Amino acid sequence: MGKTISEKIIARAAGKKEVFPGEIVTVKPDITVCHEYFIAKRYVKMLKEIGIEKIRNPDATAVVIEHRVPAPNEDFAGRHKGAREFVKNHNIKYFYDLGRCGIGHHFMAEKGHARPGILYAADDNHATSFGALGCIAAGYGMSIIEIFATGRFWLKVPGSIRIEVSGKFPEGVTSRDLMQKILSDLGAGGALYKVLEFRGPTIEAMSIDSRLVMCNMVLHAGAKTGIVNPDEKTVQYSRKRAEQPFDAMTSDPDAHYDAVYEYNVSSLEPMVAAPHDPVNTKSIAQVKGVRVDQAFIGTCAGGHLESMEIAARILKGKKVHPNTRLIIVPTTPEVYLGMAQQGLLEIFIEAGAVIGPPSCGPCSGGHMGVLGAGEICIATSTLNLKGRMGSAESEIYLASAATVAASAVRGEITDPRENYYS
Amino acid sequence: MGKKHIGKAWVFGHNINADAAITYSSKVSETYDMNELAKYCMVGYYPEFPKEAKKGDIIVAGKNFACGHLHPHFSISLRGVGIAAIIAESFSRRYYRDGLNEGMPLFEAESVLEKIHQGDEIELDFRKGNIHNLTSGVRLYANPLPEFLVDMVEAGGLIPYLKNKLTNSPRPCPQI
């Protein structure tokens, strides 16, 4: 019987001829990525306790400073300082600091570290984004220490669910809306321990940015990760950026899938996640008219150049509603530059939006747009748990860049398919 | 955990979201201290939990326990309260990893919510995967874990396990 792309990649990383869903193997990651906030307060202590003076694999390790930048308080200044010291002490090969870094879950693709066929290990969960490039990528938490100590970590081989997508998106409807619909159908545990393998003509037509968004959100259905079989688009993208060679493995035609779900996007509506859970899905009709105090376009789930282009088309020549603030944060310096070169910055500034440095922005409630009691935010971010962006008395709706931009103009949740989309 | 453990069952439902359980926020995220985080343990689902739960108690849940984004603060809060083990119908992949790595014995078994009720006294044998509801007499059997993961949990988690391996092994950095 044939194998899925996921089984092939994990077998290769485990040094085995083949692997089977459910078995526990140890794998060697091709790259290990630490997002800055755990290093000083957790990893340094843990490594000291074990007795590790030098990590095992500094040439295959990266550290990114991007969650809260520039340091918004002393706590984070300390975390960043600790991260820099860690890089120096362990001779870590890949280090990206403020001004030369973006959100890890996009930036590492731009730098060619996420590429087809590899096993990508991060500490932060939304690393699943990189399945878009045909690799196995996920967050593994404390297992990072296992990798530092031994060069490998334990992993349970996931089964795969195939998601077949066909049809053309109507105007104003995007990959984000498709993913929200899929999450709604699967529910919080509907893909537990599985890889969501996205296939079909609609996926093939999607940009890399859209594929990153799809794979980013899978964890809300309990999936291990998401993946898109690499095609010409993927290979072109990675060939330009990856220093190391890569092997664009794909699923065999007779591979086994635990389930197959089919979607046609031709009649898909804009979808929104309502407070306080990313799977609490509503159609736009159910939530339109809700007052919006703050709108935010950004994060690894919606701050790519494609999202910015969509938002700019809606905001061009328009103004943000007087009772609403619009915060726009690109994922990476490359995206920011693209916005500048395409004249998008001008559109956003003239509309009355504020633009932040490439980073996670206000997503995790630390700075750049913390919500006060009673405030309502609509955002392209990853999570809307109670208190995520500030006050426990605030509410967050999650939606596509089109919906967020349209809502920022009206000052209330708005269907982007209406006359704001031209 | 040692050979066998007896504890009181605290029953929760399906899809317990780890961030919601500890009302995770920027403020909560500031500390990794076990005793500080114990104050948030499961409060999103039962506000009195940190006051009423005792060291050695057992959490019992349905499917997809500790789902969602999950931050390490969740597993730390459970250790802070002194929860001795978790029995669930299934675990989120992230908590399966974090829990075992933090030294929490995890028992994955079928029909848990039908067979264990709030306050039941439960006897557990982690290495064998045996669950005995002493209150009702019912027995359950957990899905077996590989030996090395059981060893790791019984050593107290990934950190003590690696520490032992590295000090005792003839090779510089053994693979797990």
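Name every residue in the stretch B:12-39 that is among the charged types (D, E, K, R) and not in a loop (DSSP other than H, G, I, E, B), in order of residue number.
Filtering the stretch B:12-39 for residues among the charged types (D, E, K, R) gives B:19, B:27, B:30, B:33, B:36, B:39.
Scanning the stretch B:12-39 gives B:Asp19, B:Glu30, B:Glu36.
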What number of residues within the stretch A:162-178 satisfy the criterion of being surrounded by fewer than 24 Cβ atoms within 10 Å (Cβ to Cβ) and either of a type in the set (S, T, N, Q) or within 14 Å of chain B (Cβ to nearest Cβ) (or both)?
1
Which one is farthest from the other protein chains (Cβ to nearest Cβ) among residues in the stretch A:220-231 that are buried (at least 24 other Cβ atoms within 10 Å of the Cβ) and in contact with a strand residue (DSSP E or B) (Cβ under 8 Å, 6 or more places away or on another chain)?
A:Val228
Hey, A:Ala13 hits all of (1) under 24 Å from A:Leu155 (Cα atoms); (2) modelled with pLDDT under 95; (3) part of a helix (DSSP H, G or I) but one; which does it fall short on?
(2)
Show the residue pairs that are 6+ apart or on different chains and have beta-carbon atoms under 6 Å apart, the first residue being within the stretch A:39-59 and more than 7 Å from chain B (Cβ to nearest Cβ), the second being acidic (Asp, Glu).
none
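Being without any contact (Cβ under 8 Å) to a residue 60 or more places away in the chain, touching a strand residue (DSSP E or B) at 6+ places or on another chain (Cβ under 6 Å) and not aromatic (Phe, Trp, Tyr) narrows it down to one of A:Pro201, A:Pro245, so name that one.
Numbers: A:Pro245 fails: touching a strand residue (DSSP E or B) at 6+ places or on another chain (Cβ under 6 Å).
Answer to the check: A:Pro201.
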Number of the condition not met by A:Gly22 [criteria: (1) surrounded by fewer than 18 Cβ atoms within 10 Å (Cβ to Cβ); (2) assigned to a helix (DSSP H, G or I); (3) within 13 Å of another protein chain (Cβ to nearest Cβ); (4) not hydroxyl-bearing (Ser, Thr, Tyr)]:
(2)
With the checklist (1) within 14 Å of chain B (Cβ to nearest Cβ); (2) touching a Lys or Arg at 6+ places or on another chain (Cβ under 8 Å); (3) closer than 25 Å to A:Ala401 by Cβ; (4) part of a strand (DSSP E or B) in hand, flag the one item A:Tyr263 doesn't pass.
(1)
Only one of (1) of a type in the set (A, V, I, L, M); (2) within 19 Å of B:Ala20 (Cα to Cα); (3) in contact with a helix residue (DSSP H, G or I) (Cβ under 8 Å, 6 or more places away or on another chain); (4) surrounded by fewer than 24 Cβ atoms within 10 Å (Cβ to Cβ) fails for A:Val409. Which number is that?
(2)
Might you let me know whether the stretch A:93-100 holds any residue that is more than 16 Å from the chain's Cα centre (by Cα), closer than 29 Å to A:Arg152 by Cβ and in a loop (DSSP other than H, G, I, E, B)?
yes
One residue is enough: does the stretch A:334-353 have a residue meeting the conditions buried (at least 18 other Cβ atoms within 10 Å of the Cβ), touching a strand residue (DSSP E or B) at 6+ places or on another chain (Cβ under 6 Å) and more than 27 Å from A:Val218 (Cβ to Cβ)?
yes
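Each row is one residue, and each column tells you yes or no for (1) modelled with pLDDT of 95 or more; (2) under 22 Å from A:Gln180 (Cβ atoms); (3) in a helix (DSSP H, G or I).
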{"residue": "A:Gly338", "(1), (2), (3)": "yes, no, yes"}
{"residue": "A:Ile347", "(1), (2), (3)": "yes, no, yes"}
{"residue": "A:Cys377", "(1), (2), (3)": "yes, yes, no"}
{"residue": "A:Thr382", "(1), (2), (3)": "yes, yes, no"}
{"residue": "A:Ile396", "(1), (2), (3)": "yes, yes, no"}
{"residue": "A:Val404", "(1), (2), (3)": "yes, yes, yes"}
Being of a type outside the set (Asp, Glu) and not in a helix (DSSP H, G or I) is the filter; apply it to the stretch A:406-417 and report the residue that is farthest from the chain's Cα centre (by Cα).
A:Gly411
What are the residue pairs meeting all of these: first residue in the stretch A:179-195, first residue more than 14 Å from chain B (Cβ to nearest Cβ), second residue part of a helix (DSSP H, G or I), Cβ atoms under 6 Å, and 6 or more apart or on different chains?
A:Met179/A:Met214; A:Met179/A:Met217
Can you list the strands (runs of 3 or more DSSP E) lying wholly within the stretch B:110-174 that have 2 or more residues being exposed (fewer than 12 other Cβ atoms within 10 Å of the Cβ)?
none
Exactly one of these conditions fails for B:Phe107: (1) surrounded by fewer than 17 Cβ atoms within 10 Å (Cβ to Cβ); (2) more than 14 Å from chain A (Cβ to nearest Cβ). Give me its number.
(1)
On the basis of being touching a residue at least 24 places away in the same chain (Cβ under 8 Å) and closer than 30 Å to A:Ile163 by Cα, does A:Ile92 make the cut?
no
Residue count, the stretch A:370-394, condition under 21 Å from the mean Cα position of the chain (by Cα) and away from every other protein chain (no Cβ under 12 Å), comes to 4
Qualifying positions in the stretch B:27-72 - surrounded by fewer than 17 Cβ atoms within 10 Å (Cβ to Cβ), within 14 Å of chain A (Cβ to nearest Cβ) and either basic (Lys, Arg) or in contact with a strand residue (DSSP E or B) (Cβ under 6 Å, 6 or more places away or on another chain) (or both)
B:Lys27
Please go through the stretch A:123-156 and give me each residue that is in contact with a Ser or Thr (Cβ under 8 Å, 6 or more places away or on another chain) and assigned to a loop (DSSP other than H, G, I, E, B), ordered by number.
A:Gly134, A:Arg152
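Out of A:Ile163, A:Ile208, A:Ile147, which single residue is modelled with pLDDT of 95 or more, at negative phi and more than 19 Å from the chain's Cα centre (by Cα)?
Values: A:Ile163 fails: more than 19 Å from the chain's Cα centre (by Cα); A:Ile208 fails: more than 19 Å from the chain's Cα centre (by Cα).
Answer to the check: A:Ile147.
The values are calculated or read from the model by the stated rules, or taken from the named source; none is laboratory data. Because the structure is a prediction, the values reported are computed rather than measured. Positions of Cβ are backbone-derived with ideal geometry, glycine not excepted, and every protein chain shown enters the neighbour counts.
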